[in-house]
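The structure under discussion appears below in the form of structure tokens.
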């Protein structure tokens with residue numbers, strides 16, 4: 001085969017969904033080794049331009065792929081993700097790999113003997129772990145850069161950011177550098193980057209996916225799936241949501257999102273955030289209004305919901321600053337000089353907080369959650385744009401005004417997903433956020449799948 005033919009074949013394999021890969025592996029139409037090699041070649045060819053990975057381990061990936069292939073030959077696959085390529089955000093522990101968290105202050109030396117719950121579940125089901133994806137430093141910045149790895153770029157336009165903090169995870173999935181990825185979301189860090197790169201990103205209910213080490217401060221990061229389709233996101237979510245007793249805040253084990261009772265779509269009461277369009281640029285506003293039309297075509301009647309978001313930004317800022325201060329405590333002045341200036345500034349602000357002011361923010365977070373819960377007494381799902389505008393340029397300053405709709409549902413700790421809902425006139429993706437009640441991921445995924453039928457993933461030209 002010519003180089004161009006190899007590239008075309010690699011692209012074809014790299015963009016197959018996990019569900020389809022599983023079917024072809026079982027039918028012996030494809031080999032996990034063949035697919036893994038194709039993905040690794042794409043990482044080698046495209047990876048440098050995107051800077052999506054902080055670590056790639058080809059030998060370990062191919063060893064896993066060979067073991068998976070042998071299981072398929074014996075008809076002894078370990079599960080629906082056996083042989084499927086997956087990456088882990090570099091905030092998640094993985095045995096044998098450094099977890100540097102986007103920071104020069106974390107020493108790569110060490111035994112690194114422990115898996116996070118996500119890594120453990122993926123190994124147990126035979127997934128092929130490719131490596132660790134880039135993150136903004138300690139997950140504390142909404143753009144896709146860090147002092148450790150530099151700038152991660154958006155596959156749709158290299159002059160634009162994929163967002164943060166799950167920058168490398170979404171860039172990799174959008175570019176076909178792995179089928180699936182695991183990210184974390186404490187204020188929008190899965191959903192906002194997913195919207196910016198045209199992929200699916202789910203923030204599950206807090207506790208649904210076990211996390212270790214557990215977060216102790218502020219709006220805790222939720223571990224969740226990133227995929228190119230809703231059904232793939234559901235598949236990965238089912239795997240990640242299995243129990244792990246290292247997380248003291250874990251929810252009861254979930255058998256499968258696919259097995260939960262879901263009423264017919266026509267019975268669902270769907271709301272949309274009143275006034276959301278007024279905060280958005282023209283392209284996002286038009287895309288969101290088109291979504292509401294598509295919802296009506298499904299036999300639903302979306303109703304405007306007045307939701308008082310007063311105080312959201314202030315609470316998020318307080319909790320974010322407290323988390324930054326807690327994260328950086330104990331670092332020497334020399335080490336702190338290596339930290340991203342915006343993270344360092346947040347930490348200094350957090351160090352000024354009194355216990356009473358922190359608890360006041362937590363009290364306001366609870367009040368916000370109660371207001372949202374009131375809205376969900378009369379609605380099953382709530383729709384908003386994921387962001388108010390598309391991905392900014394890589395040299396832009398972070399501004400919470402670009403994503404005013406995600407933070408509230410981190411504070412309330414309920415499930416929220418971003419799915420693609422169009423592109424701007426300049427060709428950048430636009431995302432739709434669908435929010436559900438606590439632990440009702442099945443409803444969120446059901447409407448997401450119905451809407452996705454009109455807006456399936458279309459890969460960038462890479």
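Each peptide among 64-73, 326-335 gets the average number of other Cβ atoms lying within 10 Å of its residues, and from highest to lowest they stand as 64-73, 326-335. Each of residue 278 and residue 70 was given a label point 7 Å from its Cα along the Cα-to-Cβ line. The distance between the two points is 6.4 nm. Packing, as the average of other Cβ atoms within 10 Å across residues, places the peptides 100-110, 152-162 in the order 152-162, 100-110, highest first. In this simple spin-label model, placing a label point 7 Å from the Cα along the Cα-to-Cβ direction at both residue 242 and residue 12 gives a separation of 3.3 nm. Counting only DSSP H runs of at least 4 residues, each contributing -39500 (n - 2.57), and dividing by the residue count of the chain, the helix-based mean residue ellipticity at 222 nm comes to -12000 deg cm²/dmol. Could you tell me whether segment 313-462 comes out rounded, prolate or oblate from its Cα gyration tensor? Rule is a ≥ b ≥ c as square roots of the eigenvalues, rounded for a/c under 1.5, then prolate if a/b exceeds b/c, otherwise oblate. Taking the square roots of the gyration eigenvalues as a ≥ b ≥ c, segment 313-462 is oblate. Shape call for segment 97-244 from the C-alpha gyration tensor, a ≥ b ≥ c root eigenvalues: rounded (a/c under 1.5), prolate (a/b greater than b/c) or oblate? Since a/c stays below 1.5, the shape of segment 97-244 is classed as rounded. Neighbour counting of Cβ atoms within 10 Å sorts the residues 74, 294, fewest neighbours leading, into 74, 294.
Restricting attention to the chain, close to 70% of DSSP beta bridges with both partner residues there are antiparallel. With a ≥ b ≥ c the root eigenvalues of the C-alpha gyration tensor of the chain, is it rounded (a/c under 1.5), prolate (a/b larger than b/c) or oblate? It is rounded, given that a/c, with a ≥ b ≥ c, falls under 1.5.
Among 395, 3, 145, 281, the ranking by other beta carbons within 10 Å of each residue's beta carbon, starting with the fewest, stands as 3, 395, 281, 145.
Inter-label distance, residue 351 to residue 458: 5.0 nm, where each label sits 7 Å from its Cα along the C-beta direction. Fewest neighbouring Cβ atoms within 10 Å first, the residues 82, 7, 306 line up as 306, 7, 82.
Report note on the peptides 20-31, 426-437: ranked by the mean count of other C-beta atoms within 10 Å, highest first, their order is 426-437, 20-31.
Bear in mind that the values in this text are calculations on the coordinates, not laboratory data. The structure presented is a predicted model; accordingly, all values stated were derived computationally and were not measured. Note: ideal-geometry Cβ built from the backbone for every residue, glycine included; neighbour counts use all protein chains shown.
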